[in-house]
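Beneath this line is the structure, given in structure tokens, with notes to follow.
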Amino acid sequence: MGLKGKLTAAMEAKCGGHSIHDIIHTNTHHVSTISPLINQFEIHEGETIKIGSVVSWHYNDAGQKKIMKQIIEAIDPHKKSSCWKVIEGDVLEMYSSFTYLISFEPQWSMLTIEYEKKT
């Protein structure tokens, strides 16, 4: 069993947290146009951002192309939050589990990551 941890960050969203939530949940394919770190978004199973959907993100990390495949575990449209669990990809080379919860308020975006490092 490796080191378990939880990291929470709050970031001010000048455009409003609801706008970011809407992009992620209704226009996910546009994230790669908005962010220079995200190259591609794919849906493998299910529909766009629905509980049980399996999706992947192709992204850049320190100049290297990487991938992260996830299953969407929970969505709360009233709290504008969702929980994503990584099931495949480069992140799991260092972690045995990696889950993150994102939520949005009018001026804030919150990110909570729960992880367990490999031993």
*Would you count, across the chain, every pair of lysines whose alpha carbons are under 21 angstrom apart, provided the pair is eight or more residues apart or spans two chains?*
25
*With axes computed from alpha carbons, what is the tilt in degrees of helix 17-26 against the longest principal axis of the chain, rounded to the nearest 10 within 0 to 90?*
70 degrees
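If R₀ is 41 angstrom, what is the calculated FRET efficiency for the pair Ile38 and Met1, using the beta carbon separation as r and rounding to 0.05? Can you show the working numbers first?
On the way: r = 32 Å, r/R0 = 0.78.
E(calc), rounded to 0.05, equals 0.80.
So, by mean Cβ neighbours within 10 angstrom, what's the order for 58-64, 109-115 with the highest one leading?
Numbers: 58-64: 11.1, 109-115: 16.3.
Peptide ranking by packing, descending: 109-115, 58-64.
Given Cα positions, please report Rg to Rh for region 4-117, the hydrodynamic radius being the Kirkwood one. Please list the in-between numbers first.
Working: Rg = 13.7 Å, Rh = 14.5 Å.
Result: Rg/Rh = 0.94.
Rule-based calculations on the coordinates, nothing more; no lab input. Remember, it's a predicted structure, so these values are computed and weren't measured experimentally. All Cβ positions, even for glycine, are placed from backbone atoms using ideal geometry, and neighbour counts span all protein chains on display.
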